[in-house]
Structure formats: structure tokens, C-alpha cells
Amino acid sequence: MQHLDLEVICQAIDWLAPSDGTRPDSPIWLCTVLSTFGSSPREPGTWLVAREDGQHRGSLSGGCVEEDFLARLADGEFTTPAQVIRYGEGGHQGAGIALPCGGILEVLVERFTACEDDIAHLKALRAALEGQTPRLRLVQLDGEPASRQLQDDSGLGERVERLTGHDGQTSGYQLRVGPVARLLLAGLSPVAEACAAFAVSLGFEVIICEPREEVLADWDARKAPLAGVTLRRELPSRFIAAGGCHAATAVVALTHDPRIDDLAMIEAVCQPAFYIGVMGSQRTSQARAERLARSGGLSAEEIARIVMPIGLNLGSKTPAEIALAVMADIVRIRRGRARGSL
């Protein structure tokens, strides 16, 4: 799936290391949204890459900030390896720019050249986006020059976190990089369809695995395909076992059919999925746990990975309400928030 993050990094590599083997003399600038205060069009972690001639890929705000940044770039600003700029009310850049509702935008601006280290760093970012292993990117601002490192990561938590030095001042940032979040739905159901719609709007890659002919016939008769959703006509357990999960995957079973739900859970707990959940009441969930231990051979630790009953306890009744509770819980886990902090 070619999402915008990957497009930005691929463009950066193409500019610094073209396929014809030449090494350009001009640097590029990689901009990362660090934080937003008030209303802002883009979330932390968003990227933009630019050249001094004004060519760019990605976005920071939807227009106004990009125009100011590119104008300053053309005037010869941003010559340091890394610096933080601030837009909006009280910001020190673009005093005439007003973000929506008085919002404030902090942006990390990094200068990359065609040196081997910089190109290798960008290629490692591309590998993380294309692969199945999330990485933690550390950018230190207090060194000379500023340093960049990549470490292994769980992929869970805030995309951007501030690092502080001994004096309490900001010394750098850690930035999470990884494959696009995937929602794997085991089987079709009204709740699954509602979850798929929510997940697409949240930026997830959505895959539904459904092997039951009678369910697929109804789906086809209704001509129900959702934009941005991939339907695979196979057992979800088979897709999972074949490598359909990575660390940014949430596996969700919402059919009430043990042939679908239980087999999916048995395979999912062997994978690095960050969320595994199955729908059912407390009584149904207890019976399923006993069944998975008895027939599926799952250990207590493996069963503990499965969220059942699934989702936040919102008192949901309708398929859309249940889907909201499920997706809210998935977002909570992905952002590294404990239930008690809600």
C-alpha cells in the first residue's frame, strides 16, 4: 500500500540518489510535524520533503505553512543540520500566518545531503515503512552536528515524543516509523462492515477475510464493497498463518461463528499483532477461553493476549456503536494509553 509517508521518503531518496547513479550537489530538507496546539490540519509525525527550488512532496498544514517554508528555503534559510521552527500565534516563523482556531504548529526541519550516511538513513526509513518491523528514530539537537539513529521499537505509543537533557531543556525527539496500520477483520458481519468504515476513515489498511459462500453471496448481491477495503475469499486463519499480520496489525473477529473466530485467534496469538480481539459476552468469552485452551492448545499467556469481550465498555447496542467501541480500543492501544487513563 503506497501511503503518503512512503511517497515522501521515496521522493527524498530519488532526489539524493537518482537511479542514474549521479550524486546531486543540492541538499534536501525533511520536515516533521512535532506537535500541534489547538486546531491543526495535520497530526504529529506528518512529513514533507522539499528542495530549494520549491519542488516538494507531502504536507504540513494544507497550504499556508508550506508556502512560507518554501519561500524561506528559497531565501537561503535552514542551513543547520536540524532545527525546530514554530508557526501560528506566538510562533517565531511566519508571523502573518494564522492557523485554524489559533492553532500552533512545531516542525522539525532536517537538512540531508547526498553523503552515504544520510542516504543510508533514508533507505532505512523506507525499509521500515515497506517492511514489518517498526523503528524508533532518535534525532538529537544538542550535538554538533545533530545526530540521527534508528532503533527497534514496538510501534506502540505516541508518534512523536520529546527528549530532555540534564538541564530540563529539549535535547531532541524520538519519532516512531513503521508500516501503515492494518485492520484484519475475520469474517463479514454488520459490525465488521461498520468497523471497516471507521478504520478506513482513520487511515488503516483494511482487509476482510471471509470463506463462507452464503455470506459472500449476500455481500455480492448487495454490491456492498467499501472503498479502501480489500475482501479476501479465504479463511482468516489461513491468511494470518501465511504472513498476513505484522506488528502494526489489529486482528478482530466479530462473527459469533467459532469456525471463523476461534481459528483466527489460534493463529493470531502466534503473530506480532498489537491487538487481538473477539466479540462475545462475558459468559461467551469465558467459554471461548476454555475452548481455546482445551481444543486449541493455547497457553494462559496466549489467551491473555486476546481482548474478550472486545472493545471499550460504552454500553454499545447497535452494530455502529459496537464498532465504535472496538475501534476506540484499538486506537487506545496503538497510542499507548492505559484504560485507567481514559
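Values quoted throughout were computed directly from the atomic coordinates according to the rules given, and no laboratory measurement underlies them. It should be emphasised that the depicted structure is a prediction, and the values quoted were computed from it without experimental measurement. All Cβ positions, even for glycine, are placed from backbone atoms using ideal geometry, and neighbour counts span all protein chains on display.
Structure values in brief
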quantity: Rounded if a/c under 1.5, otherwise prolate or oblate - the range 42-82, Cα gyration tensor axes; calculated: prolate
quantity: Prolate/oblate/rounded label for the range 238-303 (Cα gyration tensor, a/c 1.5); calculated: prolate
quantity: Bridge type composition, the chain - antiparallel percent by DSSP, nearest 5; calculated: 65 percent
quantity: Cα gyration tensor shape for the range 110-192, rounded if a/c is under 1.5, else prolate or oblate; calculated: oblate
quantity: Nearest-ten-degree value, helix 319-334 long axis tilted from longest Cα axis of the chain; calculated: 50 degrees
quantity: Choice from A304, A248, A186 showing the highest fluctuation, given a GNM over the chain with Cα pairs closer than 10 Å; calculated: A304
quantity: Rounded tilt (10° steps) of 64-74 against the dominant C-alpha axis of the chain; calculated: 40 degrees
quantity: Computed log₁₀ I(q)/I(0) - Debye formula, equal Cα scatterers, no solvent, the chain, q 0.06, 0.08, 0.13 Å⁻¹; calculated: -0.27, -0.47, -1.02
quantity: Highest-MSF residue in the chain out of Q286, Q169, Q151 [GNM, Cα springs under 10 Å]; calculated: Q169
quantity: Inter-centroid distance (Cα atoms) of the range 138-217 relative to the range 255-298, Å; calculated: 24 Å
quantity: Crossing angle, helix 282-294 versus the chain [Cα axis fit, 0-90 degrees, rounded to tens]; calculated: 90 degrees
quantity: Cα-based convex hull, the range 138-258, per residue volume (Å³, whole number); calculated: 136 Å³
quantity: Residues with amide H under 5 Å from that of L163, placed H, sequence gap 5 or more; calculated: S171, G172, Y173, Q174
quantity: Range of Cα positions in the range 192-270 per principal axis (Å), largest first; calculated: 35, 29, 20
quantity: Selected from E214, E302, E43 as most flexible by GNM, with the chain as the system and alpha-carbon contacts under 10 Å; calculated: E214
quantity: Positive minus negative residues near E234 (Lys, Arg vs Asp, Glu; Cβ under 14 Å); calculated: +2
quantity: Hull shadow area, averaged, the range 182-341 [alpha-carbon convex hull, nm²]; calculated: 9.1 nm²
quantity: Rounded to whole Å, sorted largest first: equivalent-ellipsoid semi-axes of the range 146-194, Cα gyration tensor; calculated: 37, 12, 7
